[in-house]
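First the structure, in the form of C-alpha cells, and then the observations on it.
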Amino acid sequence: MKPRLAEETTSGGRVGDRVRRPDAVQKVRGDFPYSSDLQVDGMLWGATVRSPHPYARIESIDTKAAKAAPGVKAVLTFEDVAGENAYGLEIADQPVLASDVVRYWGEAVALVAAEHPEQARRAADKVKVEYAVLKPVTDPEQALLPKAPKLHPGGNVTRHIKIRHGDQNATAEVVVTGDYEIGMQDQAPLGPESGLAIPDGEGGVDLYIATQWLHIDQKQLAHVLGLEPHEVRLTMAGIGGAFGAREDLSMQAHACMLALKTGRPVKISYSRPESFVGHVHRHPGKLHYEHGATKDGKLVYVKARIVLDGGAYASSSTAVIANASCFAVGPYQCPNATIDGIVAYTNNPPCGAMRGFGSVQNCYAHEAQMDKLAAALTMDPVALRRHNSLETGSALITGQVIDGPVPVAELLRLVHERPLPAPAAKNADLTAMPGGVSNTTHGESVKRGIGYAAGFKNIGYSEGFNDFSTARVRLSVVDGKPRVEVHTAGAEVGQGLVTIQAQIAGTELGVRDVMVLTADTEVGSAGSSSASRQTYITGGAVKAACEAVRERVVALAQSELKSGEGLRLEDENIVGADGNVLVALATLLGEEVIDELRVFRPRKTSPLDPDTGQANAHMQFAFAAHRAVVDVDTELGLVKVVELATAQDVGKAINPQAVEGQLEGGAAQGLGLAVMEEIQVQDGVIKNPSFTDYLLPTILDMPPVRMDILELGDPNSPYGLKGVGEPPTISSGPAILAAIRAATGRPVTRVPVRPHDLVL
Amino acid sequence: MNVNGVDHPAPTDPRRLLSDHIRHDIGLTGTHVGCEHGVCGCCTVLFDGAPVRSCLMLAIQAEGHQVTTIEGLAPDGAPLHPVQQAFHETHGLQCGFCTPGFVMSVVGLLKQNPDPTPEEIDEGISGNLCRCTGYASIRRAVLRAAELSR
C-alpha cells in the first residue's frame, strides 16, 4: 500500500541554464501531492493532546473516556513509547510524549487515532490530564540565575560559547555601546506539518513525510520506536515550505506509534494553531555590544554578550548560538574580540533552526553598531564598513583565515552605487504609502530613510560535524535513448534541488533525459536541506557519481572500440580524440546498465576551542549586502519599504532563475522580521497562533528587490558555487532598520519594529 | 453543486466547509488549506466565476452553484491554462503550496481586468500569502499571464 506521490519528473538543462522547474507543471495544475494531501484506503486520523500549561507536573492521565469515544482506535501516552522516550537533533532532551513534566505550552502529552479527524479531535478533548501547575521560567536571563529552577538535569545553560580573540584588554579612541532585542519569528511554511505512517505488518513502518532531512528523522524515530533503522523507512512527500521548521520531528513519531499500535495507516495533519506549537521558532534574543575603533575608523575590538532564548528543549540551539557567536562582529576585520554567546532553557516555545540560523539576530546588532560608530566618527556608514571589510586572507574572530573570494567591500559598493528610487510622488497610489489602502496619509509627515547592512554566515555544517551526501546515478537505455536516473535523499523543499540535480547530471553526462527519483531512505543520507548546503553537498555527490558513471562509459567504449586514449562522452555520443562521433551512447550501452553510488564530503572542519572559540570551524562562507529605502509615517509609526537592493556572491549560479527566487524570497522573510513578524509569548503562552494575528508580508508589503548577482567562483566547491539561500534573510532586515533610524532619527533597537517604537 | 463541470451530490454534513468538502469528499486536493480562516488564500476557488476562499464557506452554500477548482482549469492533461503557464514560465513558485490559490485569484483578476497595472496586480492578489518567492516572480507571472491571455 502506497499513497500517490509526486511524479518523478524528467528534465534537461545544463549547469548555468535558466531551467524551468520540472515539478512546477504538477504544482500549477494542483496535482502535486503535498504531505497534507496523502491518503490511502482504511486510513485513520491522528490527533494530539497538548499541554495547556507552560510548566507543570503531570499528576495523572486518564484515557478511559477517550478510548470509549466513537470511532477511536487507540489512545496512547508516554507508557506506549516502545524505545527511549527522548529525542532531539543535538541533545536527546525532548520526550515524544511528556511523562512527568511538561515544559512548554502545547507540549504533546497523548495521542488519539480515530476513523474521522473530527472524532480524533473530540476524543483528544476527553483525555483527562491532571497537572500541578508550576511557575514558568520565561526570561532567559532569569533562567541563568543560580536560584532559577533547573528545567533539565544539566541546568539551564544549553550552551555557552566563549570567543577570546586577540588582546582582551584592548582600548580604543572611540567607543560605542548598544543593547538590541530580537523578537521570536516563525518560519510559517504554508503547508502544515503532516504525514502518513503505514505499518508493514512485520513490526516496521513506512512514513511518507514532508521533512528537511529524511535520515535524521529515521535515526530519531528508530530510537524512540525501539526499532532498527531499516524497519523505519521514510519517503519524501510534497513539502509546503520549510525554512528550518521541518528540521525537528513534529508528528513523525506520533503517526508511527499510532500506526504500529492500530495496524492501520495513520495520517496526522496539523491545523495552523497547532503548527505554531508543532515546530521550533527563530530564537528571540537580547544582545549587548561594545565597539571600539581608532579615530580614523578601524575596528579595534568588539565585546558582546548574546543571550538567546532556546525555550523548553535544545533542538539545534547549540549550533545556532555558535553561529551567533562566531559571526558576532559581522563581515569585518576585528583584531580583538570578547564574545559570550549563551543560549538558555526556559519554559517558552522551543527554538531552533530558521533561515539565517543565528546570523540574523547578531546582524541586527553589529549593523546598528556600525552605524552608531559611523555617527560617532562622522564617517559615511558605507565607507566605514568598506574600510573594515573582510578580505581574502582575513582572519575571523575565531582565528580562521578565509580563502576564496571575499567581496564584502564590492557588495557594499554595488548596493551603494545603485540609482535610488524616485522620491514619493504627490498623489501616489495609496498602496505606495505607509498604511496603504487604510488611507492613513497622502504623504503628510512621511519621511524617507536609506539604510545599509552587510552580513555573512557559514555554508554547510561546522565544528567538525561529519558533513556528507550520497548520490546514486544509473545510466541505461530506455526506448532506444539514454536515460539517467538520479537518486538521493536530498529534500526538495521548494528551493529547486530536483532541478539542480538534473542539471548537474545533464552537464556531467551530456544526456538529455534525466529523471530525479523520489527521495527516500533507500539511498544513503543527503544531510539536511538547511545551512544553504544542498546544492553544494548533494550537488557534489551527484557530480561525483556522474563522473564515476562517465569513467565507466569511457572504459566500456575503449574496450568495445579497442581504442586508446582521448575518448569522451559528448551529446549522447562517444567521440574520438579528433572530435568524430564513433558510436552513439545508446548503441554502446545496449542492455548494459551503469550504476554508481558516491559519497561526497566537503572540506573538514574543527571543533571550537571551548575556552577561546578559536578553530577552523567552518567550511565555506557566503556574503551579501542590502540597501533599504523606506518611507515612515512619523505620526503613526507606519513603515513602507519602498525598495530593497542587494548584492550577493553566489560563486556560480547553477540555475539563475532559482537564485533570483532565493534572493527575493529570502529578503521577504528578512523584511517580515524587521517590521511585522513576531510570535507574542506572554508567560510562556503564544498569544497569536494564527495568520490573523501573526502577520506575514503580503505582496503589498514587499517592494521590488534590485539584484547584483556575482559569480566569483569558490576554488574549493563544485562548479565554484556557494550556498545561496540564507544570506538574503540576514542583512535585508538590518538594512530596513537602518533606513527606519535614518528616517526617524530614533535609535530603534528592537525588531520587529512596532508603531509605538517610532512614535511614543 | 457543480464542480469543474461535474455534478456532485449535496454534502451529508451541514457543517462541512467547502474546502474540506472539495478535498476530502470530492477528492480534489489541489485546493490547499493553509490557515483555515481566510487569511492565506491557498484554498481560493472560483464560485460562479469569482474567486472565494473555500475555507470561509460551508459546502451547502455551494448547492446550485458552479465551483471551479485548480483542477478544472486544464482538466485531464489538457494544455496549461495561460495563468498556469505563466507561473511555470516565470518561476512564480517554489514550494508551490500557495500556487493553486494564486492561480485562481489571478484567473479572477484577469477576467475582471485583462490588462492590470502593477498597482492593480498588487491589490488584486494581496489576499494571497506566499512564503517562498517574495512575490516578485508572482508579479512577473501575472504580467505574463495577461500577455498570454490576450
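The values are calculated or read from the model by the stated rules, or taken from the named source; none is laboratory data. Nothing here was measured: the structure is a model prediction, and the numbers come from that model. Cβ atoms come from the backbone with ideal geometry, glycine included; neighbour counts cover every protein chain shown. For accessibility, only protein heavy atoms count, side chains too; no ligands or nucleic acids. Shrake-Rupley method; radii C 1.70, N 1.55, O 1.52, S 1.80 Å.
Considering only protein heavy atoms and a probe of 1.4 Å, how much of the accessible area of the protein assembly as shown is carbon and sulfur, as a whole percent?
50 percent
Give, as a single signed number, the net charge of other residues whose beta carbon lies under 9 Å from the beta carbon of residue A:726, with Lys and Arg counted +1 and Asp and Glu -1.
Residues near residue A:726 contribute +2 overall.
For chain A, what is the accessible area per residue in Å², given a 1.4 Å probe and the full set of protein chains?
Result: 34 Å² per residue.
Could you compute the net charge surrounding residue A:66? Neighbours are other residues with a C-beta less than 15 Å from the C-beta of residue A:66; K and R count +1, D and E count -1.
+2
Extension gain residue A:754-residue A:568, at 0.36 nm per residue separation less the Cα-Cα distance, in nm?
Length gained, residue A:754 through residue A:568: 60.7 nm.
Would you mind computing Rg(Cα) / (2.2 N^0.38 Å) for the range A:634-717, counting N as its residues?
Working it through for the range A:634-717, the quotient is 1.44.
Kindly provide log₁₀ I(q)/I(0) values, in the same order as q = 0.11, 0.14, 0.15, 0.21 Å⁻¹, from the Debye equation applied to equal alpha-carbon scatterers of chain B.
-0.38, -0.62, -0.71, -1.32
Can you tell me how much longer the chain between residue A:160 and residue A:447 gets when fully stretched, taken as 0.36 nm per residue apart minus their C-alpha distance, in nm with one decimal?
Residue separation times 0.36 nm, minus the Cα-Cα distance, leaves 99.1 nm.
Distance check, please: which entries in A:126/A:687; A:67/A:126; A:303/A:722; A:128/A:219; A:457/A:604 exceed 20 angstrom between their Cα atoms?
Exceeds cut-off: A:126/A:687; A:303/A:722; A:128/A:219.
Just to be sure I understand the interface: list residues from the range B:108-122 that lose 30 Å² or more of accessible area between the chain on its own and the complete protein assembly, 1.4 Å probe.
B:119, B:122
Considering only the other residues whose Cβ falls under 13 Å of the Cβ of residue A:758, what net charge follows from Lys and Arg at +1 and Asp and Glu at -1?
+2
Starting from the Cα gyration tensor of chain A, take the square roots of the eigenvalues, sort them a ≥ b ≥ c, and report rounded, prolate or oblate (rounded when a/c is under 1.5, otherwise prolate if a/b is larger than b/c, else oblate).
Oblate shape, in that a/c is at least 1.5 and b/c is the bigger or equal ratio.
To the nearest 500 deg cm²/dmol, what mean residue ellipticity at 222 nm is calculated for chain B from DSSP H runs of n ≥ 4 alone, each contributing -39,500 (n - 2.57), summed and divided by the residues?
-8500 deg cm²/dmol
What are the aspartates and glutamates whose alpha-carbon lies under 16 Å from the alpha-carbon of residue A:286, with same-chain residues fewer than 8 places away excluded?
Cα-Cα hits under 16 Å: A:139, A:141, A:179, A:181, A:309, A:340, A:367, A:678.
I'd like the accessible area for residue A:115, computed on protein heavy atoms only with a 1.4 Å probe and all protein chains in place. Round to 10 Å², please.
Counting only protein heavy atoms, residue A:115 exposes about 80 Å² to solvent.
For the range B:2-73, what is the convex hull volume of its Cα atoms per residue in Å³?
Hull volume normalised by residue count: 75 Å³.
List, by residue number, every residue in the range A:178-201 with a reduction of 30 Å² or greater in accessible area between the chain on its own and the complete protein assembly, 1.4 Å probe.
So the qualifying set is A:190.
Of the cross-linked pairs A:64/A:135; A:73/A:267; A:2/A:543, which ones have a Cα-Cα span greater than 19 Å in the structure shown?
From A:64/A:135; A:73/A:267; A:2/A:543, over 19 Å: A:64/A:135; A:2/A:543.
Considering only the protein assembly as shown, what is the antiparallel percent among its DSSP beta bridges, to the nearest 5?
Around 80 percent antiparallel, to the nearest 5.
Any chance you could check the range A:243-273 for residues losing 20 Å² or more of accessible area when the partner protein chains are in, compared with the chain on its own (1.4 Å probe)?
Checking the loss per residue gives A:243, A:272.
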